[in-house]
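J.: I am attaching a structure below and will ask some questions about it afterwards.
The values are calculated or read from the model by the stated rules, or taken from the named source; none is laboratory data. All values derive from a computational prediction rather than experimental measurement. Glycine gets a Cβ as well: all are built from the backbone with ideal geometry, and neighbour counts include every protein chain shown.
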């Protein structure tokens, strides 16, 4: 017999969590280490405390809730995700993986099932990277990939440091983060893209993740009055911005697997009757093949230096800010996800994650896999983000099966 | 004999005023009705009070300092400009016209010259339009061109209304603005462009002003995650932004007298790993010929609707926000400026103002003219804005001569 989670309880909790930091259109805004982020965590802590799942915190703000197994020394099975959101985030991104993980722990408790291994629910700090960069900060520090000191020094746009916010919320008294030894890590997430929905499948077996490269680009011209100076004598960076947009979108258009995004663009000082003196923008490049991602990187760099030659009056600065290499998840775990989905009667589809996830870091320390469920129109990082109660329950059922399979086996 | 102003006193006051709201690089930031704007006015009031020039204020915050003439009932000669600045403004834009006006009043007092008419120094509220739109607000209300209620309701980016700030500074107890009857208005200003400097001339005889049209344009796509959604399935407004930039700069490039500026560009929500759901931008179109400006307007509108057809997934909204028609200044006053410059030994050059000025509004109520002096490299709306002490004094000398000619004549 296949065990099932309680879909109604999970759905009700997703809606309840969305009430913390609510924004118009059913979305949520819980920026990392803000009061709303902390309030979301407090709600989760209250639910876990009610079921007696012991809480451990670490100095970067990661949370770990444990349901003990028969063998307290066995390597635990980890599940989880994150509760922080984008500024205009949805109700499912990250939250689903956390609350489905709680649902797994509770279902095991409801069924009074004694597992061999402990099962830990992990909540990672600052997966989104909206308020503080880099993204996937808590998991990066816990996995020894991001230096702790670098994470502490990260500042938001208002000059507040991660370290300040950790002290404000009392995390600085906790142990230095280290994921230590574990059996495996399994993360359920909405797909954040249209592939599952378009294929009519319910479960995405995520075999790995796209590589990601981030850049900050600035164009420096000369600020002047919009009226008197003839166009030909201006050092206006705006026409060069158009060429840069074309360059980036041309790189993205050459290969259907490539993704290129200009997420931030801002002209400064930003006055209607002033020719901008500066433009600041960001570029996000992704590809599931590291060689291709490297080629995109070089195309961007070459394009920028060509543009610099074509616009000698404008200085173009391009600064690579982050590189998350292509990730391969554990093949055995991927097979397990596939067979669990099959046993439960859900159609599954092998795929690569287009978004970055905490699981990318965990995969460098232990066998790791992700499970995707479809979200409507592929929309995410948007209040309109939506996954159906059926999809959410299906994903949590598969998560339960995978966890049970691993937690029941001896180390 | 030609009377001369005190160039050293004028220069020292320009430097003193720049110390109110100072910003790096010798610039000033005195946003309309801010504490710094009010502090700048207080400094001027202290200088005028020391010489006994009576102050009158109005309910939109305009200031009028009078040096009385022999005939208290004669129509006054008005001089003046503004003290508010752009967010990253220079030391001369507006300030020169005000302090040179003060210098004219003081020189008349120093010489103990009794004029026939009163001479009024005017300081207009919110010429720049950076914090509150529309620009040239105080002169627009005083001249009956901008409805007073509309000006009061204007909000800054933080939701503060002009009306709130006027109450905060105590202007609401003053009379409703009305420029009433006056003999003429003469405004000295830096050129804010490179024409005088390039021609080697000291005095610009400004025969009129370019027409100006302002627009707010927004592009509405669909916000989503930068990773998972294939480029072809996105509703990313950024590529359309590139086409819009090309459109606007193409309109500006067809005619050397045309000016086109995109001063504000912002992608929202503005996160590195989110495809923007919206882009907001502004367009500023200018031309010295109203027919040509109208043609530019239609080219922009036609281009926007062509783009809307080419990008059916993106909604383009274009809203005309302001139209300041081409201005013709008074021919007799322009002749007077030319002859005064000649008598003083300054090379003069007829020209059209590329920037908007309070004088554009005044010209609809009374004979009006402007006097330009060169500024280095044509740079303005920038901390690097610079006019030499010689140019500043030459402009103020011409202003004195023009004012004397008008103020000595009987009405």
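J.: Regarding segment B:85-96, can at least one residue be identified that is at pLDDT 95 or above, farther than 22 Å from residue B:386 by Cα and out of contact with any helix residue (DSSP H, G or I) (no Cβ under 8 Å at 6 or more places or on another chain)?
T.: Within segment B:85-96, not a single residue is at pLDDT 95 or above, farther than 22 Å from residue B:386 by Cα and out of contact with any helix residue (DSSP H, G or I) (no Cβ under 8 Å at 6 or more places or on another chain).
J.: Hey, another quick one. So for segment B:145-167 (the condition being buried (at least 21 other Cβ atoms within 10 Å of the Cβ) and within 30 Å of residue B:392 (Cβ to Cβ)), does at least one residue qualify?
T.: no
J.: Please go through (1) within 14 Å of another protein chain (Cβ to nearest Cβ); (2) at pLDDT 95 or above; (3) surrounded by fewer than 18 Cβ atoms within 10 Å (Cβ to Cβ); (4) within 27 Å of residue B:150 (Cα to Cα) for residue B:313 and return the number of the only condition it doesn't satisfy.
T.: (4)
J.: Just to be sure before I move on: is residue B:359 touching a strand residue (DSSP E or B) at 6+ places or on another chain (Cβ under 7 Å) and more than 14 Å from chain A (Cβ to nearest Cβ) in the structure I sent?
T.: no
J.: Touching a strand residue (DSSP E or B) at 6+ places or on another chain (Cβ under 7 Å), without any contact (Cβ under 8 Å) to a residue 12 or more places away in the chain, assigned by TED's automatic domain parsing to the domain that holds residue A:345 and closer than 15 Å to residue A:118 by Cα: does that describe residue A:78?
T.: no
J.: State whether one or more residues within segment A:127-143 are at pLDDT 95 or above, touching a strand residue (DSSP E or B) at 6+ places or on another chain (Cβ under 6 Å) and either over 17 Å from residue A:359 (Cβ atoms) or assigned to a loop (DSSP other than H, G, I, E, B) (or both).
T.: Looking through segment A:127-143, none of the residues is at pLDDT 95 or above, touching a strand residue (DSSP E or B) at 6+ places or on another chain (Cβ under 6 Å) and either over 17 Å from residue A:359 (Cβ atoms) or assigned to a loop (DSSP other than H, G, I, E, B) (or both).
J.: Still on this model: Go through segment B:213-224 and give me each residue that's within 7 Å of chain A (Cβ to nearest Cβ) and over 16 Å from residue A:197 (Cβ atoms).
T.: B:214, B:223
J.: Sticking with this structure for a sec: In segment B:49-60, is there at least one residue being assigned to a loop (DSSP other than H, G, I, E, B) and surrounded by fewer than 16 Cβ atoms within 10 Å (Cβ to Cβ)?
T.: So far as segment B:49-60 goes, yes, one or more of its residues are assigned to a loop (DSSP other than H, G, I, E, B) and surrounded by fewer than 16 Cβ atoms within 10 Å (Cβ to Cβ).
J.: Now a separate question. I need the full set of residues from segment A:381-391 which are touching a helix residue (DSSP H, G or I) at 6+ places or on another chain (Cβ under 6 Å) and outside any loop (DSSP other than H, G, I, E, B), in order please.
T.: A:389 - this is the single residue of segment A:381-391 that is touching a helix residue (DSSP H, G or I) at 6+ places or on another chain (Cβ under 6 Å) and outside any loop (DSSP other than H, G, I, E, B).
J.: Is there a residue being more than 27 Å from residue A:232 (Cα to Cα), over 22 Å from the mean Cα position of the chain (by Cα) and without any contact (Cβ under 8 Å) to a residue 40 or more places away in the chain anywhere in segment B:278-294?
T.: Scanning segment B:278-294, I find no residue that is more than 27 Å from residue A:232 (Cα to Cα), over 22 Å from the mean Cα position of the chain (by Cα) and without any contact (Cβ under 8 Å) to a residue 40 or more places away in the chain, so the answer is no.
J.: Go through segment B:96-126 and give me each residue that's assigned to a loop (DSSP other than H, G, I, E, B) and buried (at least 24 other Cβ atoms within 10 Å of the Cβ).
T.: Answer for segment B:96-126, where residues must be assigned to a loop (DSSP other than H, G, I, E, B) and buried (at least 24 other Cβ atoms within 10 Å of the Cβ): B:117, B:124, B:125, B:126.
J.: Restrict the check to segment B:189-198 and report whether at least one residue is at pLDDT 95 or above and at positive phi.
T.: No - not one qualifying residue is present in segment B:189-198.
J.: Output yes when any residue across segment B:215-225 is at pLDDT below 95, under 23 Å from the mean Cα position of the chain (by Cα) and buried (at least 21 other Cβ atoms within 10 Å of the Cβ), and no when none is.
T.: No.
J.: Take segment B:60-73 and flag every residue that is out of contact with any helix residue (DSSP H, G or I) (no Cβ under 6 Å at 6 or more places or on another chain) and at pLDDT 95 or above.
T.: B:63, B:64, B:66, B:68, B:69, B:70
J.: Restricting attention to segment B:225-237, does a residue exist that is under 23 Å from residue B:133 (Cα atoms) and facing another protein chain (nearest Cβ under 8 Å)?
T.: no
J.: For residue B:173, are the conditions met, namely being out of contact with any helix residue (DSSP H, G or I) (no Cβ under 7 Å at 6 or more places or on another chain), crowded, with 20+ Cβ neighbours inside 10 Å and modelled with pLDDT under 95?
T.: no
J.: A further question on this structure: Filtering segment A:364-387 down to residues that are farther than 18 Å from residue A:86 by Cα and buried (at least 24 other Cβ atoms within 10 Å of the Cβ), which residue is nearest to the other protein chains (Cβ to nearest Cβ)?
T.: A:372
J.: Quick check on segment B:1-41: of everything there that is touching a strand residue (DSSP E or B) at 6+ places or on another chain (Cβ under 8 Å) and either outside the structural domain of residue B:343 (by TED's automatic domain parsing) or assigned to a loop (DSSP other than H, G, I, E, B) (or both), which residue is surrounded by the most Cβ atoms within 10 Å (Cβ to Cβ)?
T.: B:30
J.: Looking at A:283, A:275, A:248 in this structure, which one is within 23 Å of residue B:251 (Cβ to Cβ) and either buried (at least 20 other Cβ atoms within 10 Å of the Cβ) or not assigned by TED's automatic domain parsing to the domain that holds residue A:311 (or both)?
T.: Exactly one of A:283, A:275, A:248 is within 23 Å of residue B:251 (Cβ to Cβ) and either buried (at least 20 other Cβ atoms within 10 Å of the Cβ) or not assigned by TED's automatic domain parsing to the domain that holds residue A:311 (or both), namely A:275.
J.: Oh, and also: Report, by residue number, each residue of segment B:240-257 that is facing chain A (nearest Cβ under 7 Å) and over 15 Å from residue B:219 (Cβ atoms).
T.: If the condition is that a residue be facing chain A (nearest Cβ under 7 Å) and over 15 Å from residue B:219 (Cβ atoms), then B:249, B:252, B:253, B:256 are the ones that fit.
J.: Oh, and also: If you take the residues in segment B:181-211 that are within 14 Å of chain A (Cβ to nearest Cβ) and part of a loop (DSSP other than H, G, I, E, B), which one is surrounded by the fewest Cβ atoms within 10 Å (Cβ to Cβ)?
T.: That would be B:194.
J.: Would you say residue B:168 is over 17 Å from residue A:228 (Cα atoms), touching a helix residue (DSSP H, G or I) at 6+ places or on another chain (Cβ under 7 Å), at pLDDT 95 or above and more than 11 Å from every other protein chain (Cβ to nearest Cβ)?
T.: no
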